Amino acid sequence: MPSPYNLEVEYNCAECRVRAERIFCNMSAPAVQALDTVKFTGLYPKGSLLFVEGEEPRGVFILCSGRAKLTTSSTEGKTLIVKIAEPGEVLGASATILGKPYEVSAETIEPSQLNFIKREDFLKFLNSHAEACMHTAQQLSEKYHAAQREIRSLGLSQTTSEKLARLLLDWCDRTGEETARGTRIKVLLTHEEIAQMIGTTRETVTRLLSDFKRKKIVDVKGSSLFVTNKPLLEHMVSV
């Protein structure tokens, strides 16, 4: 597992140009200055394991850039991706605050920059800055609601094709870019990882995506997936 100080670099949170756009990071100058004194900034390559499910919490990671997948596994070895974390998210907060083992594993899916804060330092920081407590609570609440939406979406879906359609529509809403060819989604996940997100097999995902391409619902070019018939995808999840 990489050290939390992996490829340590200098980075001042007060100078971050997108800090105001992020729930946790959008704090007053004194709070941000205090954060700068306790964090360790590191650059992590794709595939870096930040922490492991069941491990005692060492602290939290703040995702500055890049993305990470949060996974949980069964005793039989089956893996489910519960979330793709985006920049601005605090990873491992609930385990760190409660002092209980990490409930998921976290792994970068593209080169990423993260801030690591030791557990004792993070708790002192929250205790000293009320706004940091509130922003942490807001992010945890947002994650709770997102989890409820995912459970409802996947639990009420009748077919695997509907689950995949819901996932693609969610990606369109979150990170989609409108182009002349349709809504462009940057897909960094393999078919195996997509299968882990909707509870199916890699073979099924490959078959369904081929079917979607044949029906001209999507088109794939390298790491880009274009949703070319969004109304049909929406119809698939509304019937």
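In table form, for the structure just shown:
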read-out	value
Ranked by how many other beta carbons lie within 10 Å on average, peptides 104-113, 214-223, 124-133 from highest	104-113, 124-133, 214-223
For Leu91, distant residues with modelled amide H under 5 Å away	Phe61, Ile62, Leu63
Alpha-carbon spread of the chain, three principal axes, descending order, Å	55, 43, 32
Amide H contacts under 5 Å for Thr228, placed H, 5+ residues apart	Val218, Asp219
Intensity falloff of segment 157-238 expressed as log10 I(q)/I(0), Debye formula with alpha-carbon point scatterers, at q = 0.16, 0.18, 0.19, 0.27 Å⁻¹	-0.53, -0.69, -0.77, -1.66
Compactness of segment 13-154, expressed as Rg and Dmax over alpha-carbon positions, Å	14.8, 48
Simple label model, 7 Å out from Cα along Cβ direction - Tyr144 to Ser224, nm	4.0 nm
Value of relative contact order over the chain, rounded to a whole percent, pairs C-alpha under 8 Å and six or more apart	18 percent
Mean Cβ count within 10 Å, highest first, over the residues of peptides 73-83, 32-42, 179-189	32-42, 179-189, 73-83
Extension reserve of the Glu177-Lys216 stretch, reckoned as 0.36 nm per residue once the Cα distance is removed	12.2 nm
Normalised contact order of segment 13-154, rounded percent, pairs of Cα under 8 Å and 6 or more residues apart	32 percent
Interchain or long-range residues, amide H under 5 Å from Val82's placed H	Leu70, Thr71, Thr72
Karplus 3J(HN,Hα) series, Hz, for segment 191-196 with 6.51 cos²θ - 1.76 cosθ + 1.60 (x for Gly, Pro)	4, 5, 5, 4, 4, 5
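No value in this document is a laboratory result; all are computed from the given coordinates. Keep in mind it's a predicted model, so treat the numbers as computed, not measured. Here the Cβ is made from the backbone with ideal geometry for all residues, glycine too, and neighbour counts use every protein chain on show.
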